[in-house]
Ligand code: SF4
């Protein structure tokens, strides 16, 4: 695709001339031809305490869009062999061109870095309002390198970034940190993204948490923040929606995207669709019935009737108190709850997500929803990934049962009181908590039993058993950030969720899943780069994504094929990075359990996951050689 040149209007010319005046130097460094972007990224050297403002290289914006894609491009430029916990690693907070706009579900940012958990490039997104406020403050992104000699936070307002002393909040949890900054700067128009004690103590799956409860959970991005002595990013900015390049085309694209979200046939339909009513936890009873809910560390593919206690329907009936949302989202899938009885009575938090309820409940062998609420709240406060923590516990429990502990005290299945105590020990790296803070893959490997952890490339699996949803098997194995459901959300096709009805497939069939996963990976790589919420894919398809992007940045010739090629380019860049980082041939695999131990549960009984067959199909579709991107493919996709 040739870059499109738009004639410069008198207004644009004036803006450009203003931008070149000395007082505005650094406010907008380049003459970005694409509309929509702030064209401003703050590059923060934490070692020297210096902030530089630069525009986005326009060819990068065209090739990699923003958020995930652009963040990966910066991290790739920084070098794939960097030690994730060294000052040289890069930590990017990146928006996409649609972030903070009037686009529905556009309150998203990607935190991109080299992961201390997997050694791959990783991107982890969060919602709420922080991404929108970063855009309203005048930025497309923040790129941190180096290590501050003392704890600092970045304060952002009116197009400026300042590094300030964070010693008063170092040692505090996320909730106290947010409160501290709210008291200092006032709550109005303020957002705080912070790490908790887990990030400070370099727990490998520490997360950044935004506005108390919205986490960039996966991959240990908070651990990288802790390694840099960066406690928080604090943004003050009032609402100021960016303008589209093509107003008329944008209105059409926006209205169409909104119509499909509101459509009562879709699960996104406000107050009617399953996602809106029950949140992501609408899935709990569905996967349980299908024999696709990994339970007791994935030894069983369903939890039985008591699973109902963990479900979105149960939460709705018993403890739901509010339905919060994110910037520009009518779906409001967040579920704020309050514990009504027992030792945690009165505890109020958001949100009981499906993955968290599974990881800290069914996969750890219990179904006490109040205990799950308590543990999610702990994770939000300490700043830890609920999925990885749940996998660490279930790995520990299976090692206990099999006598593999090598001196550690055993942890029984479902012992949630002990799990709650251990969560704090992990955040502070105390006792066995220090071993668990390394993540389930390293914990099991250090005990000499790597096979017990259900991990891929060092990251724990999420809540879909690949014996009952086979697309998830190939999706986990080939995910560029370790086991993940969000690189290719095949249940959209396997559970027949709109708008992929034309792709509807049998969850127990392997044939065709390699190609399906490639298609999803490419589409999601593009939407993650816009950056729109992943749940937009329950209503929007390739046309909606393409039209919104084309109208907002002013590229009317941009087609669905261009969109798919862009997603493919981003996916290949990530894979190329990983290849250079040491994840070469043979690094796409599944835990032995899923390929060799047949399901015994109704819905998937007798099935294993035929990974080898799906991998052959997938590599054929990708043009990769056993997981490695060949040079011709990089050239074809203009990866540069
Ligand atoms: S669907 Fe949920 S997570 Fe996504 S933007 Fe809306 S409220 Fe936020």
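Any chance you could count how many residues in the stretch 258-275 are under 24 Å from the mean Cα position of the chain (by Cα) and either in a loop (DSSP other than H, G, I, E, B) or surrounded by fewer than 23 Cβ atoms within 10 Å (Cβ to Cβ) (or both)?
Result for the stretch 258-275: 9.
A quick yes/no check of all residues on (1) more than 12 Å from the chain's Cα centre (by Cα); (2) farther than 18 Å from residue 95 by Cα:
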site	(1), (2)
484	no, yes
492	yes, yes
509	yes, yes
516	yes, yes
521	yes, yes
524	no, no
527	yes, no
536	yes, no
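Among the residues of the stretch 87-111, write down those that are within 11 Å of the ligand (Cβ to nearest atom) and touching a strand residue (DSSP E or B) at 6+ places or on another chain (Cβ under 6 Å).
Residue satisfying the conditions is 108 alone.
Out of all the residues in the stretch 531-558, which are assigned to a loop (DSSP other than H, G, I, E, B), away from the ligand (no atom under 15 Å from the Cβ) and either within 22 Å of residue 72 (Cα to Cα) or modelled with pLDDT of 95 or more (or both)?
Result: 554, 555, 556, 557, 558.
Tell me yes or no: at least one residue of the stretch 317-326 is under 30 Å from residue 103 (Cβ atoms) and more than 15 Å from the ligand (Cβ to nearest atom).
For the stretch 317-326, residues under 30 Å from residue 103 (Cβ atoms) and more than 15 Å from the ligand (Cβ to nearest atom): present.
This table checks each residue for (1) touching a residue at least 60 places away in the same chain (Cβ under 8 Å); (2) under 28 Å from residue 476 (Cβ atoms).
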| site | (1), (2) |
| --- | --- |
| 173 | yes, no |
| 180 | no, no |
| 204 | yes, yes |
| 207 | yes, yes |
| 213 | yes, yes |
| 232 | yes, no |
| 238 | yes, no |
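Look through 513, 470 and report the one residue that is over 24 Å from residue 218 (Cα atoms) and surrounded by 24 or more Cβ atoms within 10 Å (Cβ to Cβ).
Of the residues listed, the single one that is over 24 Å from residue 218 (Cα atoms) and surrounded by 24 or more Cβ atoms within 10 Å (Cβ to Cβ) is 513.
The values are calculated or read from the model by the stated rules, or taken from the named source; none is laboratory data. Quantities reported herein were computed from a predicted structural model and do not represent experimental measurements. So basically every Cβ, Gly included, is an ideal-geometry build from the backbone, and we count neighbours across all protein chains shown.
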